[in-house]
Amino acid sequence: MAGQPFECSSDFFEQYIRNPEYDCIVALEALDYEDIVLINAPFTREIRNMEYILNLKDRLREKNANLVVVWVETSPEIVHERMILRNSERDTWKLAHWDEYLAECNFNIPSNLDDPKIKDDLLIIKNDNRQELEVSMKEVLDILEDNV
């Protein structure tokens, strides 16, 4: 990052890295080669922006594809514990400024994405503990297999 500290909350990251990185993540070209494309990214701003979501759905429809959002639900306390255990440089600022970081996070399920007529538009994986994770993973897999 041009000699800048590795910090996703920095002004430099916001100005030069985040948006171009996210533009690349939404790799619609991959649908020319595969019928299922998985994107692993938080999309923390975009997920609640219905204009962005509707535009993305329109772009996907042109490729004969659908958007399926898999929301991983984890409590802030567990996120904190896991960041400490992960001991990653990318979490240094977050852990040092936990209350400030937490104030910027929205842990609520993005219910704006849930259309009751579509079974697989918003899938929830609960991830506070192993048992909860296993149960919700099975539920999500069952839904996805039903829609293949």
Any chance you could count how many residues in the stretch 42-67 are farther than 15 Å from Leu113 by Cβ and in a loop (DSSP other than H, G, I, E, B)? 3
If we ask which residues in the stretch 97-113 are open to solvent by less than 80 Å² (accessible area, probe 1.4 Å) and not in a helix (DSSP H, G or I), their number turns out to be 6
When you look at Glu132, is it assigned to a helix (DSSP H, G or I), surrounded by 12 or more Cβ atoms within 10 Å (Cβ to Cβ) and modelled with pLDDT of 95 or more, yes or no? yes
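Please tell me if Glu29 is at pLDDT 90 or above and either open to solvent by 80 Å² or more (accessible area, probe 1.4 Å) or of a type outside the set (Val, Ile, Thr) (or both). Walk me through how you get there before you give the answer.
On the way: at pLDDT 90 or above: no; either open to solvent by 80 Å² or more (accessible area, probe 1.4 Å) or of a type outside the set (Val, Ile, Thr) (or both): yes.
No; evaluated as a whole, the condition is false for this residue.
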Checking Val70 against (1) open to solvent by 60 Å² or more (accessible area, probe 1.4 Å); (2) more than 18 Å from Met137 (Cβ to Cβ), the condition it does not meet: (2)
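Give me a count of the residues in the stretch 102-132 that are under 17 Å from the mean Cα position of the chain (by Cα) and not small (Gly, Ala, Ser).
Start the filter on the stretch 102-132 by keeping residues that are under 17 Å from the mean Cα position of the chain (by Cα), which leaves 102, 104-114, 120-128.
From the residues that got through so far, the ones that are not small (Gly, Ala, Ser) too are 102, 104-110, 112-114, 120-128.
So the answer is 20.
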Checking Lys117 against (1) open to solvent by less than 50 Å² (accessible area, probe 1.4 Å); (2) part of a loop (DSSP other than H, G, I, E, B), which single condition isn't satisfied? (1)
Could you check Val70 against (1) outside any strand (DSSP E or B); (2) in contact with a helix residue (DSSP H, G or I) (Cβ under 8 Å, 6 or more places away or on another chain); (3) among the β-branched types (Val, Ile, Thr) and say which number it fails? (1)
In the stretch 66-111, anything in contact with a strand residue (DSSP E or B) (Cβ under 9 Å, 6 or more places away or on another chain) and of a type outside the set (Val, Ile, Thr) is listed as Trp71, Glu73, Phe107, Pro110, Ser111
Within the stretch 76-96, is there a residue that is assigned to a helix (DSSP H, G or I), in contact with a His (Cβ under 9 Å, 6 or more places away or on another chain), under 24 Å from Phe13 (Cβ atoms) and at pLDDT 95 or above? yes
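The values are calculated or read from the model by the stated rules, or taken from the named source; none is laboratory data. Everything numeric in this text was worked out from a predicted model, so none of it was measured. So basically every Cβ, Gly included, is an ideal-geometry build from the backbone, and we count neighbours across all protein chains shown. Heavy atoms of the whole protein, side chains included, go into the accessibility calculation; ligands, DNA and RNA do not. Shrake-Rupley method; radii C 1.70, N 1.55, O 1.52, S 1.80 Å.
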